[in-house]
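One structure below.
What follows draws every value from the coordinates through simple rules; no lab data is involved. Because the structure is a prediction, the values reported are computed rather than measured. All Cβ positions, glycine included, derive from the backbone under ideal geometry; neighbour counts span all protein chains shown.
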Amino acid sequence: MRRATTMPVFAPGWRPRWGSECLILAAGGVYFLAAAPFIPGLASWENLGNLLSNLLPLLVIAVGQTLVLIAGGIDLSATAIMAVTSVAGAMVMRGVPGHGPVAALAGVGVMLGMGTAVGWGNGFAITRLRLPAFMVTLTSMMFFSGLALWLTQSQKINGLPAAFNALGGNLAVELILTTAVVGLTAWGLGRLLAGRWLYAVGHNPRAALISGVPVGPVVMAAYAFSGGAAALGAVLLTGRGETGDPVLGRYLMLDVIGAAVLGGASFFGGRGGVGGTAAGVLFIKLVDNSLSLQGCSHFTIMMVKGGLILAAALADGGRRRLAGEDQGGRA
Amino acid sequence: MIEFQGIEKRFAGVRAVGPVSFDLPPGATLGLVGENGAGKSTLMNLLGGNLQPDAGSMRLAERPYAPHGPAEAMRCGIAFIHQELNLFGNLTIAENLFLTRFPRWWRSPFIYRTGLRAEAGKLLAQVGLELDPHTPMDRLAVGECQLVEIAKALAGDPRLIIFDEPTSSLSTREAERLFALMAGFRRQGRSLIYISHALGDVLRLCDDLVILRDGLVAGRGPARDFTIPRLISLMAGRVPEATAPAPTPPREPAGAVALAVRGVSRPGVVRDISFELRRGEILGIAGMMGAGRSELARILFGLDAPAAGELRLHGRPLQGATVRERVRRGMAFVTEDRRGEGLCLEASVADNLALAALPAFARGRARRIDRPGLQAALTPVKAAVRLTADADGRAVKTLSGGNQQKVVLAKWLLTKPGVIILDEPTRGIDVGAKCEIHELIRALAAAGTAVLLISSELEELTALCDRLLVLNRGEITATLARAEFDQARILAAALPGERSA
Ligand SMILES: Nc1ncnc2c1ncn2[C@@H]1O[C@H](COP(=O)(O)OP(=O)(O)OP(=O)(O)O)[C@@H](O)[C@H]1O
Ligand SMILES: [Mg+2]
């Protein structure tokens, strides 16, 4: 048989072979090295431990968001799910007699179940009722943040079982839980049927449907996962604060989406991954941490962080052009 | 008119075109031919301002010409009718035609709607499309969209019109209409560049020819100096094995009924369609544009629901089965809209190829993908459609149009379908590869697959099919056995207004 068609093999020019995660990771590294001499305490073990424990809950939530972004959607309700599961879990744990491990287990179960259910509901409304993702998750964000406040009359709920608090308060436990979830998700995205389907649905839902992909269930699963991940984040943070907090995660939404997008996820779907999101989370939390060590106010941090995220995104855009990932203009 | 001087284009360091030098005299019609991926579309994208060259230059009417975008090319009088449709389904025909130049009330930002309708009507009349300009685009068939594209190109009153495979979605008769239009443009003194894999048409329509091979000019000269075999050998750089579709040897497809269709109707689309498709049979569907061929295919594949009628797959009813269930039960569908429905353009070639067959390679409760197994299965399928083996990691959108079509075909071959519906399967595929795809379709049938073939090319249908249905305005007007295949008879049955027995 003759040589297969075309594509002349000329010497390929130089092009970067690394992805978004490497670039963002490198940016984080450069930032750290540059800032460390000027910010005393940044490189101390204690601070690094702090940084790590701050980063883990965000990582879990952002990984959930990443799945939704890959499917071509967006989940604005993630932080509201955190708040409502936090108070619901706390109420259940206070209600179960004994305050022991049984109560803790019931609390965690309720939180995860509720988060997943709410996420699944979002997905259902989006796929079955054909409502826009933005609207569905925006309204559910409003509803569930309201619900969390209404349930508690804006009061925090104290007196949670010690077994539960140990989950979020213990760095080793947190680390194991997060690594397990994040690692399994990364593996699943690349190796499982569901993972490959998720990317296909994000790229072109019509082509996916015709190829026999159950588009609706895949999208619903992504939202359910995001809800579950938000609830797991809430378990860690609630345990750490030892209180059920009706405004838990109030400032997190932009960090969550920012981290995923920095790591290569796109609002148009089909792109992104766990590694990239992890790098994005690390970058954002590093900036946060260094600025608060400097004694900056919340608002200054927001402004600087916005600028840095933009700069990182610009750099990644440049990388894509070099790598030929964005050679548009195909007719 | 236009002159290329050492023009060159690279993608991420890999040269796609060039260096290419040739010129086109004013008022002439240039035919541009070459295999899939030879660089035809890329060269025209340079001319049309969609891409910028990496080296070399162009001259337009004796003046340097370096467009920065399609809008600039338009202003210079160059119109480009792309290989793939670029229309907005959610807008009306008129809005699509005047997207960048709406008629306004004086210079205000308000659109002059009456004027819009009148202007759009005029343009549509020029291409012979009798439709209300305010019809939403997504109601149109692909062939009609093609005509709208041409009307859109005319809106700027261009000096040079580039046609990139305009006939690939048109039936013979509609193509003839297009050729008449082109003749009209020539009389008006416009230059034309015509890209097509239908070499007979190219020889007939063009004054000059340029043959591209692997991005370089492999031959050029007046059209009368060329013959089809010579063109093919220049395109391929070797003497071809087979060129014209050889007819399927007569045989008895006596397999069991694979797909039974009884009384299927859908208002405004198809009416009372009944036929049986047997295992090992190639059943063709002929018809004009808008006769309901693709619509019927969509109903069979479960993308649209029939209002009445019954479908059975291998004797078991298909009622209410989703697309996914159909795929699982061995149905496959190569759609005519490869970009919208056939491919995930941003995803890699390998991911696209694997998509439909993935469940077959998922192992265990967790449905883990058996990657070595998948990889091993991909290799022969890619070879079967002559896709380059090294294409795996590339995004599908960076393949040439014809190679994208091969990806869609290969994707379904991988599922080893029992019933395959092919809607224009060789659209945009070069002559050599087309013959091999015909062989492939025959091999599929010989292995027991039931094939339903929709095509606008009568030669393709008559060469491949065991039986032919002719669809006319949503109804079957003729069922012809192999011995009865006859151009005139098929056309008579396909033409609206006329009825054959
Ligand atoms: N955006 C892109 N990125 C990378 N490679 C590209 C891109 N666009 C085109 N190419 C490559 O350039 C070559 C020429 O492609 P082109 O689309 O011009 O072929 P063609 O002659 O129009 O083929 P066909 O008959 O199939 O339409 C191909 O090898 C193709 O893969
Ligand atoms: Mg092309």
How about region B:51-151: which chymotrypsin sites (Phe, Trp or Tyr not before Pro) there lie in a loop by DSSP and see at most 14 other Cβ atoms within 10 Å? B:88, B:105, B:106, B:110
Among the listed pairs B:40/B:411; B:9/B:411; B:40/B:406; B:9/B:382, give every one whose C-alpha distance is greater than 23 Å. B:40/B:411; B:9/B:411; B:9/B:382
Mind pulling the per residue volume of the convex hull built on the Cα atoms of region B:274-380? Å³ is fine. 161
Rank A:216, A:280, A:318 by mean-square fluctuation in a GNM of chain A with C-alpha springs under 10 angstrom and give only the top-ranked residue. A:318
Enumerate the calculated ³J(HN,Hα) couplings along region B:306-323 in order (Karplus 6.51 cos²θ - 1.76 cosθ + 1.60, θ = phi - 60°), each rounded to whole Hz, writing x wherever the residue is Gly or Pro. x, 7, 8, x, 9, 10, 10, 10, 6, x, 9, x, 9, 3, x, 6, 6, 4
Under the Karplus relation 6.51 cos²θ - 1.76 cosθ + 1.60, θ = phi - 60°, what is the ordered set of whole-Hz ³J(HN,Hα) values for region B:64-71, x standing for Gly and Pro? x, 9, 9, x, 8, x, x, 4
Which log10 I(q)/I(0) values does the protein assembly as shown give at q = 0.06, 0.07 Å⁻¹ under the Debye formula, counting every alpha carbon as one identical point scatterer? -0.47, -0.63
Give the long-range amide H neighbours of residue A:269: residues separated by 5 or more places, or on another chain, with amide H under 5 Å away, using H modelled in the peptide plane at 1.01 Å from N. A:72
For a quick check of your reading of the filter: which trypsin sites (Lys or Arg not before Pro) in region A:190-267 sit in a DSSP loop and have no more than 16 other Cβ atoms within 10 Å? A:250
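If exposed means no more than 13 neighbouring beta carbons inside 10 Å and the site is in a DSSP loop, what's the longest run of chain B without any exposed GluC sites (Glu not before Pro)?
B:242-497
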Net charge, residue B:93 excluded, C-beta distance under 12 Å - Lys, Arg +1, Asp, Glu -1: -4
Given a Förster distance of 60 angstrom, what is the FRET efficiency for residue B:135 paired with residue B:366, based on the Cβ-Cβ distance and rounded to 0.05? 0.75
Calculated from DSSP H runs of 4 or more alone, at -39500 (n - 2.57) each and per residue, what is the 222 nm mean residue ellipticity of the protein assembly as shown, nearest 500? -15000 deg cm²/dmol
Those residues of region A:30-67 whose amide nitrogen sits under 19 Å from the label point placed on residue A:184, 7 Å along Cα→Cβ: A:56-67
Measure out, as a whole number of angstrom, how far apart the alpha-carbon centroids of region A:207-273 and region B:53-100 sit. 41
Taking other Cβ within 10 Å of each residue's Cβ, how do A:254, B:469, B:495 sort, fewest first? A:254, B:495, B:469
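How big is region B:339-416 by the Kirkwood estimate over distinct Cα pairs, in Å?
12.5
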What the Cα atoms of region B:152-199 span along the principal axes, largest first and in whole Å, is 26, 20, 17
Where the eigenvalues come from the Cα gyration tensor of region B:2-236, what are the semi-axes √(5λ) of the equivalent ellipsoid, largest first, in whole Å? 31, 21, 16
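Could you tell me which helices of chain B pass both thresholds, a Cα extent of 15 Å or more along their own axis and a mean Kyte-Doolittle hydropathy of at least -1.0, with helices taken as whole DSSP H runs?
Long hydrophobic helices here: B:113-126, B:142-154, B:172-187, B:371-384, B:401-413, B:431-446.
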Which three numbers, in whole Å and largest first, are the semi-axes of the equivalent ellipsoid of region B:1-99 derived from its Cα gyration tensor as √(5λ)? 24, 17, 14
Residues of region A:243-260 with backbone N under 12 Å of the label point set 7 Å from the Cα of residue A:138 along Cα→Cβ are none
To check you understand DSSP bridge types, tell me what percent of the beta bridges within the protein assembly as shown (both residues inside) are antiparallel, rounded to 5. 55
For region A:190-230, rounded, prolate or oblate, judged on the Cα gyration tensor with a ≥ b ≥ c (square roots of eigenvalues), a/c < 1.5 rounded, else prolate if a/b > b/c? prolate
Would you please classify the overall shape of region A:156-213 from the alpha carbon gyration tensor, given that a ≥ b ≥ c denote the square roots of the eigenvalues, rounded means a/c under 1.5, and beyond that prolate means a/b larger than b/c while oblate covers the rest? prolate
Using alpha-carbon coordinates alone, the radius of gyration and Dmax of region A:88-163 in Å work out to 15.2, 45
Considering only region B:2-236, what is the antiparallel percent among its DSSP beta bridges, to the nearest 5? 55
Here, residue B:21 and residue B:122, labelled 7 Å along Cα→Cβ, have an inter-label distance in nm of 4.3
Region A:125-138 - phi-based ³J(HN,Hα) in whole Hz, Karplus 6.51/-1.76/1.60, Gly and Pro as x: 4, 6, 8, 7, 8, 6, 9, x, 4, 4, 5, 4, 6, 5
Rounded, prolate or oblate for region A:174-331? Axes are the square roots of the Cα gyration tensor eigenvalues, ordered a ≥ b ≥ c, and the cut-off for rounded is a/c under 1.5. oblate
Assigned charges on the beta-carbon of Lys, Arg, Asp, Glu; region B:339-416 dipole about Cα centre (debye): 240
Out of all DSSP beta bridges with both ends in chain B, state the antiparallel percent to the nearest 5. 55
Limiting things to C-alpha atoms, what are the Rg and the maximum Cα-Cα separation (Dmax) for chain A, in angstroms? 21.2, 78
Gyration tensor (Cα) of region B:104-236, equivalent ellipsoid semi-axes in angstrom: 34, 16, 13
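In µm²/s, what is D for chain B at 37 °C and 0.692 mPa s, where D = kT/(6 pi eta Rh) by Stokes-Einstein and Rh is the Kirkwood radius from Cα pairs?
Values: Rh = 24.0 Å.
Translational D for this selection: 137 µm²/s.
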